[in-house]
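To start, the structure itself, in structure tokens.
The values are calculated or read from the model by the stated rules, or taken from the named source; none is laboratory data. For clarity, every value in this text was computed on a predicted model and none was experimentally measured. Neighbour counts are summed over all protein chains in view; Cβ atoms, including those assigned to glycine, are modelled from backbone coordinates with ideal geometry.
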Amino acid sequence: MSTTTVGDLLDRAELLARALRLTRAEITADQWRSFDATSYRLLHDLVGPERTGNHEQIVSHATVSRILNGYPSPLSAPNPQATYNARQAASHLGVSRATVAADIRESRLPATYDGRRYSIKATDLPSITEVHPADPASTHPLDRLSCTLGVLVDMVVTERSRTTNIPGLDPLRDDAQVAPVMARVLAMTVVAARHALAHIPLQDADRPLAIARYAECSLDAIGDVGRPSALTRVASFAPPSSPRGPNEQLETALRAWASLARREMARTVPSTEVLRNIANQARHLYAVNARLVADSFTRGHLSEHAAESVHDELREAAQVMHALQKQWETVTTATRPGHEYVTATTNLHASLSAIERDILLPGEKVDISRRVDVDAALTDLRYAATDLVELTHAGAQLPEPLIRSEQLFAPARILPSTMERVHDRNHGRYVAIRLTEGAALINATQEGSRAAQEVQATLEISKGPIAAIELSTHSHALVTRRELEPATGLGGPDLL
Amino acid sequence: MTDHPSHSPASPETACEDTVAQACVHIDAAARQLEAAADGDIFSPLLGLAGQLALIRGGIDPTIRAVVDPEDLLGPTAHTDQALSLLDSFPPSDGQTDLLVWTLRLAELHDALVAAGSEQP
């Protein structure tokens with residue numbers, strides 16, 4: 001597995017913060033500044049831009065914004081593209097808001113005014129201190145902590161740059177999910193600042209003292225927000241470039257497929273062949289997931305109840321996806337699928353099929369280097385289930401605009417006959433479908449989106465400790481493996 | 001865009017259709033047969049193969065579909081064989097520039113189909 005989540009990085013950072021207690025080595029002002037600047041960048045990127053529109057969101061965002069704005073004179077701008085309002089610029093410079101306003105009026109500080117507030121580019125603010133990134137080769141826990149938080153910043157920036165508007169799948173735009181992560185960062189900042197106070201030369205101690213006070217005060221302001229946050233599940237993937245073995249191949253194939261599927265869906269007029277294939281691939285992913293769940297149950301890693309419930313959910317969702325691909329088959333945008341996507345989906349199909357075959361073989365018949373690590377494969381498929389939530393949600397937004405812009409066609413012969421269509425019907429032509437004629441498709445895409453969300457939720461629950469109830473008492477399981485397994489092998493009379 | 005409602009993928013009615021369209025009809029027929037052979041098993045591997053065939057057909061021409069022919073005597077492998085021979089017989093200087101790539105993809109899938117067939121009990 002080459003997948004890291006926000007939660008993994010936070011856990012690692014907390015271990016490093018804990019390790020600070022065990023080190024007596026002095027730290028330099030540079031080491032502290034690296035941490036200080038990284039901590040601010042992380043808080044800044046977690047809080048993100050101001051909310052507009054929804055009053056409730058604006059109010060809830062005000063709390064976290066206030067905490068960020070209270071950061072004492074940040075040492076450097078979080079990123080060159082950032083802009084500040086007068087209050088933030090004042091905080092950054094360690095001066096009053098009136099001083100910033102005076103500087104702007106007297107043209108000492110460039111700014112734009114939109115009628116309500118000033119906007120000041122981060123690059124126009126005078127840099128107080130030169131901050132170097134922490135040395136990644138250093139073994140000092142504070143440097144390692146700074147580097148870990150730096151990686152976290154990159155993940156947050158990448159996640160924020162994704163254009164998703166799926167309810168529940170955009171934790172960075174939900175302050176209730178952001179606050180617990182901010183609280184953990186602030187707690188680590190308190191620990192690091194207190195450590196710095198004890199180990200930094202006295203003449204440099206003012207800054208850690210100010211940050212320790214700020215972080216403690218902010219922790220109180222943020223309140224008891226609890227630890228769980230959907231943000232901790234945000235993942236970053238780095239699949240191997242030369243995958244070895246079925247697990248690495250699956251991971252690489254999944255990442256490439258998900259990324260290219262997103263790209264295909266972002267085309268101005270996406271290919272319905274791709275949309276159909278995504279539904280089909282979703283069904284295949286659920287099928288393999290069901291096989292792996294059955295295997296997990298057999299090996300005693302999953303309780304009977306959990307296995308049964310996951311299996312049922314997957315079967316139901318697979319049926320919905322099959323119905324969805326049948327709906328996409330009835331229409332076309334006349335856009336051909338991209339070659340890169342076809343290669344990626346072919347690789348994924350091959351990888352999933354190989355895993356299905358291996359799972360069915362008795363253990364001794366599988367080469368040890370080719371044996372599937374079922375738990376790792378299930379983890380990869382759980383991430384894929386999240387990709388499917390996004391893809392199916394995006395897919396559900398497509399039919400209506402495509403129909404309204406007359407980009408979705410079907411053979412005139414299968415559509416209701418009208419006077420205008422007689423000619424097209426007689427000549428075997430395709431015609432643009434009407435909104436009422438696309439009702440079944442629209443419905444199927446929405447069903448697909450809902451099913452993907454349900455599967456994702458079920459898989460998330462199934463990985464928890466509750467699902468892993470011991471199997472030893474279930475020697476006479478009510479549900480046998482055969483019942484849990486999907487049909488095996490190729491069926492059908494006189495098939496090939 | 002013209003619809004190609006072939007009554008029988010290999011019937012004389014389609015003989016006059018252009019080669020690529022005929023190949024597409026064969027590919028689509030193979031996909032449909034695989035789907036039918038899955039016999040309602042939603043987790044059947046055949047559905048995955050059918051999906052891949054449909055995608056290749058869509059890459060060659062997204063507007064062609066075969067109509068189900070109850071009298072069809074060919075199986076999925078034979079339909080794919082036919083499609084491959086038709087595509088291979090197509091003059092290289094004609095047709096869409098990436099037809100060669102789609103033909104290669106189909107040939108690879110054909111091998112997977114044959115392998116899947118050999119795994120039958």
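Values for this structure:
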{"read-out": "Segments classed as helices (runs of 4 or more DSSP H), wholly inside the stretch A:347-460, with at least 3 members that are within 14 Å of chain B (Cβ to nearest Cβ) and touching a strand residue (DSSP E or B) at 6+ places or on another chain (Cβ under 9 Å)", "value": "A:422-426"}
{"read-out": "Test: residue in the stretch A:347-354 that is modelled with pLDDT of 95 or more, of a type outside the set (D, E, K, R), surrounded by 21 or more Cβ atoms within 10 Å (Cβ to Cβ) and within 15 Å of A:LEU275 (Cα to Cα)", "value": "no"}
{"read-out": "Selection from the stretch A:327-340 of residues that are within 9 Å of chain B (Cβ to nearest Cβ), part of a helix (DSSP H, G or I) and either of a type in the set (A, V, I, L, M) or touching a residue at least 24 places away in the same chain (Cβ under 8 Å) (or both)", "value": "A:GLU329"}
{"read-out": "Residue selected from the stretch B:21-66 under the condition polar (S, T, N, Q) and touching an Asp or Glu at 6+ places or on another chain (Cβ under 8 Å), by the criterion surrounded by the most Cβ atoms within 10 Å (Cβ to Cβ)", "value": "B:GLN33"}
{"read-out": "Extreme residue, nearest to A:THR28 (Cα to Cα), among residues of the stretch A:189-228 that are without any contact (Cβ under 8 Å) to a residue 60 or more places away in the chain and in a loop (DSSP other than H, G, I, E, B)", "value": "A:ALA205"}
{"read-out": "Which numbered condition A:ALA261 fails, given (1) small (Gly, Ala, Ser); (2) within 10 Å of another protein chain (Cβ to nearest Cβ); (3) under 20 Å from A:GLY338 (Cβ atoms)", "value": "(2)"}
{"read-out": "A:ASP312 without any contact (Cβ under 8 Å) to a residue 24 or more places away in the chain, part of a helix (DSSP H, G or I) and farther than 22 Å from A:ALA258 by Cα", "value": "yes"}
{"read-out": "Tally, over the stretch A:247-263, of residues that are surrounded by 24 or more Cβ atoms within 10 Å (Cβ to Cβ) and out of contact with any Leu (no Cβ under 7 Å at 6 or more places or on another chain)", "value": "2"}
{"read-out": "Lone unmet requirement of (1) more than 7 Å from chain B (Cβ to nearest Cβ); (2) of a type in the set (A, V, I, L, M); (3) farther than 28 Å from A:THR252 by Cα for A:LEU302", "value": "(3)"}
{"read-out": "Residues (more than 8 Å from chain B (Cβ to nearest Cβ) and under 14 Å from A:PRO337 (Cβ atoms)) located in the stretch A:268-286", "value": "A:VAL269, A:PRO270, A:LEU275, A:ILE278, A:ALA279"}
{"read-out": "Helices (runs of 4 or more DSSP H) contained in the stretch A:18-113 and holding at least 1 residues buried (at least 17 other Cβ atoms within 10 Å of the Cβ), in contact (Cβ under 8 Å) with a residue 40 or more places away in the chain and of a type outside the set (A, V, I, L, M, F, W, C)", "value": "A:29-47, A:55-69"}
